[in-house]
Structures are given as C-alpha cells and as structure tokens.
1. Which residue, of 126, 143, 175, is crowded, with 16+ Cβ neighbours inside 10 Å and either over 19 Å from residue 254 (Cα atoms) or assigned by TED's automatic domain parsing to the domain that holds residue 50 (or both)?
2. For the condition in a helix (DSSP H, G or I) and closer than 30 Å to residue 217 by Cα, what is the one hit in 248, 278?
3. Inside region 299-355, counting only strands (runs of 3 or more DSSP E) that do not spill past its ends, which hold 2 or more residues that are exposed (fewer than 13 other Cβ atoms within 10 Å of the Cβ) and either assigned by TED's automatic domain parsing to the domain that holds residue 27 or modelled with pLDDT of 95 or more (or both)?
4. So residue 39 fits all but one of (1) under 25 Å from residue 225 (Cβ atoms); (2) within 19 Å of the chain's Cα centre (by Cα); (3) assigned to a helix (DSSP H, G or I); what number is the exception?
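The values are calculated or read from the model by the stated rules, or taken from the named source; none is laboratory data. The shown structure was predicted, so the numbers you read here are calculated from the model rather than taken from an experiment. Positions of Cβ are generated from backbone atoms using ideal geometry, with glycine treated the same way; all protein chains shown enter the neighbour counts.
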C-alpha cells in the first residue's frame, strides 16, 4: 500500500499562529512535534518511507522537506497552486501508477488527531483489503458523538458486508444545520465524513476519467514525465488548465462504486482552536494555559502566550492567542469565524503581511 498525505491546506481558522508560509500542519499544535510529523510518524508502521507521498504547495515544499528528512525528496510533490482535492489525488495517483498500476492507495489529511493508533491501523487494513478485493472506493466515516454542524455526513445502507464490515454509501450530505444534524444522529445510519479514503490506484483513476474526463486527461498526460527534469513545468501547465473541484463533489457524490467503513479510533480533525481546547489538559478551573499565563477568577479559557506574560481576570469561554505580531481574542463559540479575519486581511494591502 501507498499512503498519500494531503498537506496543502491554509489552516485559516488557526490564525494568528497559522500563516500562508507556515499553516497549521507545519506547526506544533498538539505536541512538541508538528502535525505533519505526527501524521508521518503515525503511518510509519504501515508503510515504508518510499511509499509515503506528501502533496503540498510550492510555498511550503522546502519547509516540509526540512521537517521530514526521512522521506525521499522526490516523494514530496509541490502543486504550483491549489486546485482542490480532485487534482491533488489524481496527481498523486499518476505518481503511484507509474510504479505500480494495481497498488492500493490510502489518502489522509495532514492535520488530524487520532488517539487510538492500533484501532486506526485495523481500520486501514480492513479498508485496504476491501479496496483490493472489490475494486471499490472506500471512504472512512466516523461514528458521530454529537449533532456536529462542522462536518459533512455520509448516509449509508444499514445492510453490512459482514466480512469487510463495509456499508454501501447512499448519499453524501454537506454540513447541516443543528436541527438536521440532530436528525442524522437519531437515525443512526449517518457518519461524519473524515476525508480519509482507500482505493486501488486503477479504480480511482477510472472513476476520475468517468466523472471528470478533462481533469483526468490533463493530469494523467504528465505521467511519463515523473522523475525527469520536465516534470515541474508539466505540472504547472496541467494545473493552469485544470478545474478546481473536490474529490467528494467531483467523483464520490456521482459514483455508485463507493463503500464506507466506520472508524472508531478517537478522531478529531483539529478544525479550529476549540479542538485544541477539547484535547488539551486543563487546570482546576477548566482552563488550557500555554506559556507564562496568570488566570484569576477565570474559567474554560484557552490562552496561548509563549513569548510574554499574559493575565486574564474574570473572564470565561475565551480563546486568546498571542504571537510576535498579532493577538487574537475570540469567544470560544465563534472560533469558526476566525477565518473571517483572514479574509479581511486579504482585502487590506497594508495588512497582508499578517497573512
């Protein structure tokens, strides 16, 4: 099996720590290691280093190579600019296809937290076997723990394949409102969409050819040029002519050849500062305090201030993140809106330096 790690995200909800040149996957968000380092370390028991491919953007490629010296340099693929996940997956698939056309390929994001590694390994192995046996697309869903509105959902048929424990996907649903999310939870045949996939390279390329023929023909045309001096310019040329579309919308929502496998391994997509609060140890007042922080009569706050003394007095439910050049103070219930700050900064030429 090969593992493809998608590491081109911007992490706008983690501003001001996450910036364009160094987004959250390149930061030590959960531990002393960066998120991409943790992701690679997590999968090292599954595959050799020469079967781990990281797809990132040109701006982050050198930093990724520095953080992952154990990987061959040629296994870090730099996209010239973002074209969403369909192009990313198709590009990586051509790289693998050149080496082994019938290989199984797992696709994982670079910035997830997984508490139970052994359960994760068992799930990946089941997905690999199902993908190899049935030549189908496998999407790993997460059993909902709450009516979460921040995730997409996978609706599945209750009839299980007993041997592989997979279910036939009947529909993908975009992020719901609170009422709809509660309905999904009550019905019981809905999973959170984790964005993790397993399939044979030949299978996903066939599906992309069927549902996104122009993208397929444009990107697969570069396959003979891998590991030659012409590959960088070939990728640029292909991406200039490629549409930006997600693999979910472009392929998975259109095909009938997709199964889901339930993952139960302590998953969190680390989508915002509230995820860090949830996963971090807390003091007696339910505060998460990082750095030199004094908290008086304050409860349920996350304060990240590694460079200077920060004091909070009489406040609760706040996210406070201090960096060398910017300070974020946010109601914990509004963390999804932090990306709005980034959008405003883009519109102000004098403030683009904070991106």
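1. Sole residue among the options that is crowded, with 16+ Cβ neighbours inside 10 Å and either over 19 Å from residue 254 (Cα atoms) or assigned by TED's automatic domain parsing to the domain that holds residue 50 (or both): 126.
2. 248
3. It comes to 302-313, 327-331.
4. Answer for residue 39: the failing condition is (1).
Rundown of residues vs (1) more than 18 Å from residue 114 (Cα to Cα); (2) buried (at least 23 other Cβ atoms within 10 Å of the Cβ); (3) in contact (Cβ under 8 Å) with a residue 40 or more places away in the chain; (4) out of contact with any strand residue (DSSP E or B) (no Cβ under 9 Å at 6 or more places or on another chain), yes/no style:
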site: 23; (1), (2), (3), (4): yes, yes, no, yes
site: 31; (1), (2), (3), (4): no, no, no, yes
site: 35; (1), (2), (3), (4): no, yes, yes, no
site: 58; (1), (2), (3), (4): yes, no, no, no
site: 66; (1), (2), (3), (4): yes, no, no, yes
site: 71; (1), (2), (3), (4): yes, no, no, no
